[in-house]
Structures are given as structure tokens and as C-alpha cells.
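Reading through the C-alpha cells given below for one structure.
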Amino acid sequence: MTVIIRRRERVVSPPAEELQFFATTGKGVEGVLARELVMLGMGNVSQEAGGVRFRGGIDACYRANLWLRTANRVLLPLTEFACQNPQELYEGVRTIAWERWLTPDLTLAVDCNLRDSAMTHSGFVALKTKDAMVDRLRDHFGRRPSVDTKDPDLRVNVHLVKNRCTISLDTSGAPLDRRGYRLARTEAPLRETLAAALLELTEWDGTVPLVDPMCGSGTIPIEAALKAGRRAPGLFRQFGFERWPTFDRTLWQRLLGEARDEALVTLPVPIVGSDISARAVATARENCERAGVAGLVQLAQRELADFTPPPAPGILLVNPPYGQRLGEEEALKPLYRQLGDVMKQRCKGYTAYIFTGSAELAKCVGLRATRRIVLFNGPLECRLLKYDLY
């Protein structure tokens, strides 16, 4: 008897296309974001002013949007060219294969950032970019897409600096600080991405208590719970890439499933937030529910004078008001003195961090900062001040 063994042919999948991405972030946060990307396993991570470049397949784009805590947006650069006049802009944009990313049935919008260039009007640059896009698409499809500045299917970013133009796709859609949990906001809220950056800069790793005695709408405790609980910050929102013709729904559902499986149900240490305002604490509770971390954060209405943290060691991180209008700074000095007293008397063994935009108010704390980190809250230069409490 002859046994015929047939050799099974090996099916080789084509290699995934490697792309370059640029994750934007606030000034001073680039190093934190670079570390995040390295921890996510991204390739060729390279820090620059205003953001971090990295490489990977489309799965890297999806994972970056889903998991990054300190990025503002994830951009996909398509081309870069010299640009000193409208014709060079039009020709450079028109060379891009827009039919890959957009059909006549989808909508588009163009954002423009420019400085130090011969072309000085951002609105005109955005309009000329749009013209080049729709002209190419009309030639290809026989029809052109419409513009929707508020909720487009594809958002294009034009970055024109020193007569060098970079055209990118905005893979994120809405900025990444919009996690989807903070529908109700208290006055002057801290952006979620900045709160996450502050937590990273304290080097809190979830093994000791984290307390915020002036938590407002709960952004710092919630971001702490998302981090310690291994919760993907983008789990409850949608992204720009989900509306692209190239969207891989199967891949995305797999990544979402993996993220859900990663989440912890309990934490080994408490995360505590309190505030004098009953309305702020009620808002914080609602935000915790939407973020899926209600069981991981302890919230209470409490005056600062009555604050007592869990046993040391631990991290105290607080973002007190710092008054941007005339007269407000003077009125806030007693609050900073009280904060310093509470830190000295109740928080021995803790490491405390105060994020403030006022050097004058920081003096009222009455303690010597062992470290000062410059960050920006929007256009305002601020400091994250570290205090070792013995």
C-alpha cells in the first residue's frame, strides 16, 4: 500500500503596511507621551516639540487612540512639501490619492495651523486645500464630497511652518481629552489629558493611595482610576478612523475586547477625592459612573480643613484655583495657606504635588518645593510643584 503525503501549501499573508504617525500633546508633556508610546510597544518613537512620532500598522493607530492618556490627537501625515504660494499648496495637496480616504458620499473638513510663512491667512489655506481635494475627487469619481466643519467623516490637518507644509489625516476625530465621561463640567475644569500627564509626572504607580482634596468634577481621581484599573481611556467614545472607507471593523472589535479583558475590578489602594462643593461632588459621581470607575473612587463632600488622607505613604495631587483676573489672586491666598497647613499637619509621609499658574500663590503654601515642572494649561504657563512631607 502506497501512502501519498500531500504537502500543505503555506499561505503567506501580505505584510501589513507600515505607516508613520504623529501624536500631538501639550508643551512640556512630550517626554511623558513618548514613554506611553514605548510602553504600548510602538516602533521608532521619536520625541519632537509639540508631539511624538511613531511607526506601525493601522493597528498601531487604533491602539494609540484607544490607550493614550496624554495625547491630544493622533495624526497620519500623508505628505510634506515646500509651499510659498497658493499654487504650490494646491499642487502639493492634489498629488495625494484622496480617493483612498474619501468618497463623494462622505464629508470633510480642513483645519490649518500656520506660522512664519509667506501665506498668512489660515482660512484661505484651508479653503485652497479643500479645493485641491475636491477637484481630485471629482476627476476620480465624477462627483465631489461635501464640507461639514462640525462633524466631518474625514478631518484633514494642514501644518504650514516656515514655508514647509505637512498634510495629515486626523485619525482621532474629536480631541482625545474628550473621553466621553465628563458631560457635566464645573467651572474651569482641568483637561483630562493634562490630568493624566500630571499623574504620570508624580510617578504614581497605583501601589499607594492617591488623594485630591479639591477634586472639583473629579478629573484627577477618575484619570487615576483609569490608569490603576488598566482601563483604556478611549473605551467609551468614537474616533475619526471609524468613519473611513478603510476602517477595519474586525480588528477594532478585537482591540476593544482585549481592552475590556484588561480592566481590573478592584484596586489594592484607595483613590480619594473630596471637595467643599456639594454640586462638584455630585458631578464627580456622575462622571465616575460614566467612566465606569464608580467602584474604584471614594468621593465625599468635605471642607479642606477637615481633610484627612489614608495612612502614608501616598501621593497628594491637587489643582487649586489660581485666579486669572485682577483681585482674585489676593482672595485665594488664605486657601493656599490652609492647603499648606493641611499638608504639614495631616499628610506626613506623603509626597504632595500642587499644580498652579500663580507663583505668588504658591509662596503662600509655606513649604519649599523640591521640584518644579513647567507645563501649560492652554496658553497659561503653570508649575507642578513637588513637596516631600516628613
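The values are calculated or read from the model by the stated rules, or taken from the named source; none is laboratory data. Source: prediction; values computed, not measured. Please note: Cβ atoms are built from the backbone with ideal geometry, for glycine as well, and neighbour counts cover all protein chains shown. Keep in mind that these areas ignore ligands, DNA and RNA; they rest on the heavy atoms of the full protein, side chains included. Shrake-Rupley method; radii C 1.70, N 1.55, O 1.52, S 1.80 Å.
Want the number for ALA278 to ARG178: 0.36 nm per residue separation, take away the alpha-carbon distance, what's left? Please list the in-between numbers first.
Working: separation 100, 0.36 × 100 = 36.00 nm, distance 2.41 nm.
Gain on stretching ALA278 to ARG178: 33.6 nm.
State, as an integer percentage, the relative contact order of the chain based on alpha-carbon contacts under 8 Å between residues 6 or more apart.
RCO, the chain: 14 percent.
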Mean separation of Cα contacts under 8 Å, 6 or more apart, over the residue count of the stretch 140-261: relative contact order %: 27
Efficiency of FRET from Cβ geometry, ARG368 and ARG94, R₀ 51 Å, rounded to 0.05: 0.30
Using a Förster distance of 45 Å, the FRET efficiency for THR308-GLN238 (Cβ separation, nearest 0.05): 0.65
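Which entries of LYS27/LYS128; LYS27/LYS348; LYS150/LYS227; LYS227/LYS333; LYS128/LYS150 have Cα-Cα distances beyond 27 Å here?
Numbers: LYS27/LYS128 29 Å; LYS27/LYS348 32 Å; LYS150/LYS227 31 Å; LYS227/LYS333 33 Å; LYS128/LYS150 19 Å.
The answer is LYS27/LYS128; LYS27/LYS348; LYS150/LYS227; LYS227/LYS333.
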Cysteines in the chain that, by Cβ-Cβ distance, have no pairing candidate under 4.7 Å: CYS61, CYS112, CYS215, CYS288, CYS347, CYS364, CYS382
Pairwise label distance in nanometres, LEU19 with LEU127, each label 7 Å out on the Cα-Cβ vector: 3.0
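Tell me, what % of the accessible area of the chain is carbon and sulfur with a 1.4 angstrom probe?
On the way: 9310 of 19320 Å².
In the chain, the share of accessible area belonging to carbon and sulfur is 48 percent.
Run the helix sum for the chain: -39,500 (n - 2.57) per DSSP H stretch of 4+ residues, divided by residue count, reported at 222 nm to the nearest 500 deg cm²/dmol. Numbers along the way, then the final one.
Values: 10 runs with 122 residues, N = 390.
The per-residue figure over the chain is -10000 deg cm²/dmol.
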Net lengthening on full extension, ASP116/GLN87 (0.36 nm per residue, minus Cα-Cα): 8.6 nm
Simple label model, 7 Å out from Cα along Cβ direction - LEU40 to GLN345, nm: 4.5
Accessible area expressed per residue, the chain, with surrounding protein chains retained (probe 1.4 Å, Å²): 50
Helix axis angle, 192-202 relative to the chain longest principal axis, alpha carbon, degrees: 60
The stretch 49-107, Cα convex hull volume normalised per residue, Å³: 150
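Just to verify a number: FRET efficiency for GLU203 and GLN301, C-beta to C-beta distance, R0 = 30 Å, to 0.05?
Numbers: r = 30 Å, r/R0 = 0.99.
Working from the Cβ atoms, E equals 0.50.
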Cα-only Debye scattering, the stretch 240-390: base-10 log of I(q)/I(0) at q = 0.15 Å⁻¹: -0.93
Candidates PHE22, PHE124, PHE236, ranked by Gaussian network fluctuation over the chain, Cα under 10 Å, top entry: PHE124
Under Karplus coefficients 6.51, -1.76 and 1.60, residue-wise ³J(HN,Hα) of the stretch 355-360 in Hz, glycine/proline x: 9, 9, x, 10, 5, 5
